[in-house]
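K.L.:
Take this structure, written in structure tokens, and hold onto it; I'll ask about it next.
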Amino acid sequence: MVLLNDILARRRGHKLFDEELWTFADRVQGARLSNLSEDALQSRLDQIERNIQYIDGAPSPRDELPPERGWISPWWWLRLRYWTLLEFERRGLTPTPTTPLPAQPALARGFGGHMNSEDRVLVRISNRRWLLDTLRDGTIRFAPAASYDDARLNAARADDEMGKSYKRPGQQLTVTTTDGKSLPVLGDATFTTRRLVERSSGMEEVPYWLSSFSTELDPRLFDEFPGDPPEEDGCLVIFDPEAFVRRALPSLNRAAPYAVKSLVQNDYFDPYYPDSDHHSPLSKKDFRYAYQREMRFILDPEDGGPLAGGGALFVSIGSIADIAAVYGKDGQKVEGTGPDSFLA
């Protein structure tokens, strides 16, 4: 746990590292994690510490953001970690050390993204051949959101993108029957926001399509999104996201004229400490995915008909080789504009 210990040592002296305040907040809001099994509690801690190692890198302006700002604040993560460790302490349990991650390699300037006080970029990891198609022809693949709810996908890709849920401890809730009797709630109650519309035949899901990018280059993500075969993987780096979107819109308007187009930074939330009672499936994800730092290009037909007959939609916008480049896993540029390597 060398990397995590280094991060904790660097953070402990900061004014926003306030365990006394976090302890008081834990007492006020009650034991939110009390119904988790020991395995689920350990998994939660692993997810938090893994994200800290991915996201909390070099000092940045985010260091002064209070935890109330959510996942972009390092203190939000450290507070969640502290509350989770308090639950271990209440149970008299000792957590298992989380698997350490290697530190991110030093990157050339221009690849760190806006969260690290650099220019905005969009990064996509995939097979180099497909990425070169995007670079040369501007081919963008929009997948139906529902297609990610698939057990064949790995943990980094699989998710229910049509609904987002949060939890409330049952002991903090009361169910009242029509005759006024109170019933206890066992375990955690789950509240879910889904993409639904009411039709004459009942409630139906409203599909949408998305193409995913990261907001910064992190070479460690190659291991999270392995291709087939992984040695042929690479990354596409778009150095001018605004120009990319401007070029894409005419083609998207022809391919999906009635769909709402948006480029959205994902907002990550803790299902046990939610900041809202409503979590839009389009722009919210469980915090366990935060290490991906996802930016989504979304096509939303709203209540209109499905795109591409319900399957993947491919749109070509023309070459983007003047604003983007494809790099190999070794950091070397394969084709396009920009630095010869993403490594410093």
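K.L.:
Could you work out the relative contact order of segment 256-303, using alpha carbon pairs under 8 angstrom and six or more residues apart, expressed as a whole percent?
P.N.:
58 percent
K.L.:
With labels modelled as points extended 7 Å from the Cα through the Cβ direction, what inter-label distance (nm, one decimal) is found for residue 136 paired with residue 151?
P.N.:
4.0 nm
K.L.:
In debye, nearest 20, what is the charge dipole magnitude of segment 240-344 about its Cα centre with +1 on Lys and Arg Cβ and -1 on Asp and Glu Cβ, if you could check?
P.N.:
Value, rounded to 20: 280 debye.
K.L.:
Simple spin-label model, 7 Å along Cα-to-Cβ: residue 172 to residue 158 in nm?
P.N.:
In this crude spin-label approximation the distance works out to 2.9 nm.
K.L.:
Tally Lys/Arg at +1 and Asp/Glu at -1 over every other residue whose Cβ is under 11 Å from the Cβ of residue 323; what's the total?
P.N.:
-1
K.L.:
Where Lys and Arg each count +1 and Asp and Glu each count -1, what net charge lies around residue 70 among other residues with Cβ under 10 Å from its Cβ?
P.N.:
In short, -3.
K.L.:
Here's something else I'd like to know. Could you tally the net charge around residue 103, taking each other residue with its Cβ under 10 Å from the Cβ of residue 103, Lys/Arg +1 and Asp/Glu -1?
P.N.:
Net charge around residue 103: 0.
K.L.:
Would you mind calculating the relative contact order of the chain from Cα pairs under 8 angstrom and at least 6 residues apart, reporting the percent as a whole number?
P.N.:
Once normalised by length, the contact order is 22 percent.
K.L.:
Measuring from centroid to centroid over Cα atoms, what is the spacing of segment 43-92 and segment 274-344 in Å?
P.N.:
25 Å
K.L.:
Using θ = phi - 60° and the Karplus curve 6.51 cos²θ - 1.76 cosθ + 1.60, what whole-Hz ³J(HN,Hα) does each residue of segment 75-84 get, with Gly and Pro shown as x?
P.N.:
Working through the residues one at a time gives 6, 4, 5, 5, 5, 4, 4, 5, 4, 5 Hz.
K.L.:
Using 1/(1 + (r/R0)^6) with R0 = 56 angstrom and r between the beta carbons of residue 260 and residue 93, what's the FRET efficiency to the nearest 0.05?
P.N.:
Computed FRET efficiency for residue 260 and residue 93 comes out at 0.75.
K.L.:
Here is a follow-up. Using only C-alpha atoms and all pairs of different ones, pull out the Kirkwood radius for segment 1-65 in Å with one decimal.
P.N.:
13.9 Å
K.L.:
Could you tell me the extents of the chain's C-alpha atoms along the three principal axes, largest first, rounded to whole Å?
P.N.:
Principal-axis extents of the Cα atoms in the chain, largest first: 63, 59, 35 Å.
K.L.:
Can you work out the PRE-style zone for residue 64? Point 7 Å along Cα to Cβ, and I want the residues of segment 1-27 with backbone N under 14 Å.
P.N.:
The answer is 15-16, whose backbone nitrogens lie closer than 14 Å to the label point.
K.L.:
Determine, for each peptide in 242-253, 119-130, 312-323, 190-201, the mean count of other beta carbons within 10 angstrom over its residues, then list the peptides with the highest first.
P.N.:
119-130, 312-323, 242-253, 190-201
K.L.:
Quick check: at a probe of 1.4 Å, how many percent of the accessible area of the chain sits on carbon and sulfur atoms?
P.N.:
Its accessible area is 51 percent carbon and sulfur atoms.
The values are calculated or read from the model by the stated rules, or taken from the named source; none is laboratory data. Note that this is a predicted model, so its numbers are computed, not measured. Ideal geometry is used to build each Cβ from the backbone, glycine not excepted, and the neighbour counts take in all protein chains shown. Surface accessibility is based on the protein's heavy atoms, side chains included, excluding ligands, DNA and RNA. Shrake-Rupley method; radii C 1.70, N 1.55, O 1.52, S 1.80 Å.
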